[in-house]
Amino acid sequence: MSRYAKILGTGSYLPGDPVSNDELASRLAKSGIETSDEWIVSRTGIRQRHFAEPGAKTSELGVEAARRALESAGVAAAEIDLVVVATSTPDWIFPSTACLIQKALEAPGGAAFDVQAVCSGFVYALASADALIRAGTATRALVIGAEIFSGILDWNDRTTCVLFGDGAGAVVLGPSDEPGIMASRLHADGRHESILRTAGRVAGGEVTGHPYLTMDGPAVFKLAVGVLDAVGRETVEAAGITLDQVDWLIPHQANARILQATARKLGIPGERVVTTLDRHANTSAASVPLALDAAVRDGRIVSGHKVLLEGVGGGFTWGASLVRM
Ligand code: UT7
């Protein structure tokens, strides 16, 4: 009998109180940066975001999301033998944020590693954990997307600093006789690395390069819509179903216009698209598991539903997973 992986539980965590567009605009105005609720809502669909306290670490957000996912799965931390963390804002250069989360959960002994695929990170991490469970290398996995993007934002660049937020989402995967993760497809095209990046590093005891996020928004926008359509179709076909059999679409939450265009191209009606962008903004690798957990907890996504998860972001990377809950 084949061995598959299935999502046993979901969890998420958002730090602090939401910061509205008006509140952010008045903070930015103090340093002479002009923006408005009207511009942010009309161009992006974002209404608020959460920011971690200065000094907070990505692992702390990830641990909270992981605890909630473990609780909903009815799995003890000690049963976890694989932790995969998707993040572009790790606590440190090393050890991995996955090792730090494993330590905090007191779940030593299994494998733990980070995945760096920016906003596609959660889908990359899910596909990796799925493959390790199917291969028999792992049995119960925590797959986490966690980010503190506020730490890499340039607060003098209004074209990026209004778009992102902090947060974490997690799922617990376990073995199953039937496919829970029905199919995953991952892609990258490094030729586009310069349109979205944080091109800094630590070397010789100093930060060198540019330690803040930079983005060519319109270029990312154009690429994103095309690849989300293509990889969605590819993944659904690989799972052996058709697009009309997909119960929910959860694309990476970057821009409401990207979400709408993707759904329209795939022929999935707007009421079957989970949107948390308005409340969370773009939380990079955390956005897909945050949205998944929100829709599970409010009762929209139930056992048996087929959910198409899609990521897209820096690299340029993109990917999708079709999961049966
Ligand atoms: O997570 C990774 C994936 N990231 C994405 O998917 C992001 C994709 N891109 C986008 O979401 C959009 O391209 C943006 C939201 C980033 C920008 O929207 P746009 O419609 O492409 O706007 P634009 O960059 O062409 O800028 C339009 C105008 C410019 O003014 P001018 O040159 O027309 O006078 C900007 O200076 O809007 C101005 N602008 C702002 N105005 C007020 C840019 N940012 C702001 C701002 N507040 N925060």
Of all residues being assigned to a loop (DSSP other than H, G, I, E, B) and closer than 13 Å to I148 by Cβ in the range 27-64, which is farthest from the ligand (Cβ to nearest atom)? Just the residue, please. G55
So, of the residues in the range 143-170 that are more than 16 Å from E23 (Cα to Cα) and part of a helix (DSSP H, G or I), which turns out to be farthest from the chain's Cα centre (by Cα)? T159
Only one of these conditions is not met by R233: (1) at positive phi; (2) open to solvent by 20 Å² or more (accessible area, probe 1.4 Å); (3) of a type outside the set (V, I, T). Which number is it? (1)
Hey, could you check the range 297-317 for residues that are away from the ligand (no atom under 16 Å from the Cβ) and part of a strand (DSSP E or B) and say which is surrounded by the fewest Cβ atoms within 10 Å (Cβ to Cβ)? K306
Is it the case, given these coordinates, that L249 is part of a helix (DSSP H, G or I), aliphatic (A, V, I, L, M), buried (at least 24 other Cβ atoms within 10 Å of the Cβ) and at pLDDT 95 or above? no
Return a yes/no flag: does the range 300-311 have any residue that is modelled with pLDDT of 95 or more, over 21 Å from E178 (Cα atoms) and among the aliphatic types (A, V, I, L, M). no
Can you tell me which residue in the range 236-246 is most open to solvent (accessible area, probe 1.4 Å), limited to those that are of a type in the set (A, V, I, L, M, F, W, C) and in contact with a strand residue (DSSP E or B) (Cβ under 8 Å, 6 or more places away or on another chain)? A238
Search result, residues across the range 28-58 that are open to solvent by less than 70 Å² (accessible area, probe 1.4 Å) and either in contact with a strand residue (DSSP E or B) (Cβ under 7 Å, 6 or more places away or on another chain) or among the charged types (D, E, K, R) (or both): D37, Q48, R49, H50, F51, A52, A56, T58
What are the residues in the range 201-222 that are farther than 15 Å from Q253 by Cα, touching a helix residue (DSSP H, G or I) at 6+ places or on another chain (Cβ under 9 Å) and within 16 Å of the ligand (Cβ to nearest atom), if any? Y212, L213, T214, M215, D216, A219
Contact list please: Cβ distance under 8 Å, first residue in the range 217-236 and within 22 Å of D247 (Cα to Cα), second residue of a type in the set (V, I, T) and surrounded by fewer than 21 Cβ atoms within 10 Å (Cβ to Cβ), pairs at least six apart or on different chains. V236/T242
Filter the range 14-27 for residues that are touching a Ser or Thr at 6+ places or on another chain (Cβ under 9 Å) and open to solvent by 10 Å² or more (accessible area, probe 1.4 Å); which is nearest to P289 (Cα to Cα)? L14
Taking the range 68-120, which residues are hydrophobic (A, V, I, L, M, F, W, C), in contact with a Ser or Thr (Cβ under 6 Å, 6 or more places away or on another chain) and open to solvent by 50 Å² or more (accessible area, probe 1.4 Å)? F113
Kindly check whether there is at least one residue in the range 88-102 that is free of Cβ contacts under 8 Å to residues at least 40 places away in the same chain, more than 17 Å from D166 (Cβ to Cβ) and part of a helix (DSSP H, G or I). yes
Lone qualifier among A261, A224 - being under 18 Å from the mean Cα position of the chain (by Cα) and either crowded, with 18+ Cβ neighbours inside 10 Å or part of a helix (DSSP H, G or I) (or both): A224
Matching residues in the range 120-142 (part of a helix (DSSP H, G or I) and either touching a Phe, Trp or Tyr at 6+ places or on another chain (Cβ under 9 Å) or within 30 Å of M1 (Cβ to Cβ) (or both)) number 14
Could you check the range 199-218 and list, in sequence order, the residues that are surrounded by 13 or more Cβ atoms within 10 Å (Cβ to Cβ), of a type in the set (S, T, Y) and assigned to a strand (DSSP E or B)? T214
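The values are calculated or read from the model by the stated rules, or taken from the named source; none is laboratory data. Only a predicted model underlies this, so the values are computations on that prediction, with no experimental measurement involved. All Cβ positions, glycine included, derive from the backbone under ideal geometry; neighbour counts span all protein chains shown. Please note that ligands, DNA and RNA were not included when accessible areas were found on the heavy atoms of the full protein model with its side chains. Shrake-Rupley method; radii C 1.70, N 1.55, O 1.52, S 1.80 Å.
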